[in-house]
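Throughout, read-outs are computed from the coordinates displayed, never taken from laboratory work. Note that the structure is a prediction, hence the values are computed from the model and not measured. Glycine also receives a Cβ, built like all others from the backbone with ideal geometry; neighbour counts cover every protein chain displayed.
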Amino acid sequence: MNSSEQKEFESVTPAQAEVLETVSIIRHNLELQSLNLEENSAAKEGYEEAIILLTENKNSYDQISSSIKNHVSQAIAVLAINYLNGECSRETFLALIPNE
């Protein structure tokens, strides 16, 4: 792998301001009608957990609530941790929010 390819894989930890903006985006999306539908309950639960992880700056998988049993909810929580650790972009992390 050459140096330009290596640069593509470098992680960039989000600044606190970006994390707060991301929390704001999630909170806004949690108010959308589509997230209150039964078929989107797992996404809603996952993003509610993500808010806790982001606001408390929890950056380890073992800090995800053990009460989350649904795989979609767990995946969103894992993405929140990955986002905080700079291992995925905000766009990737927020991609599972159902469209209105």
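Once you've got the GNM for the chain with C-alpha springs shorter than 10 Å, pick whichever of A17, A75, A50 has the biggest mean-square fluctuation.
Looking only at A17, A75, A50, the largest GNM fluctuation is found for A17.
Distances longer than 21 Å among the Cα atoms of the chain: what percent of all pairs is that? Before the final figure, lay out each step's value.
Numbers: 1630 of 4950 pairs.
So the pairs more than 21 Å apart make up 33 percent of the total in the chain.
Please give me, ordered by residue number, the trypsin sites (Lys or Arg not before Pro) of the range 38-87 that lie in loop per DSSP and have at most 16 other Cβ atoms within 10 Å.
Working: sites: K44, K58, K69; in loops: K58, K69.
Answer in residue order: K69.
If the elastic network links every pair of Cα atoms under 10 Å, which of E49, E18, E87 fluctuates the most in the Gaussian network model of the chain?
E18
Given springs between every Cα pair under 10 Å in a Gaussian network model of the chain, which of S60, S89, S73 has the largest fluctuation?
S60
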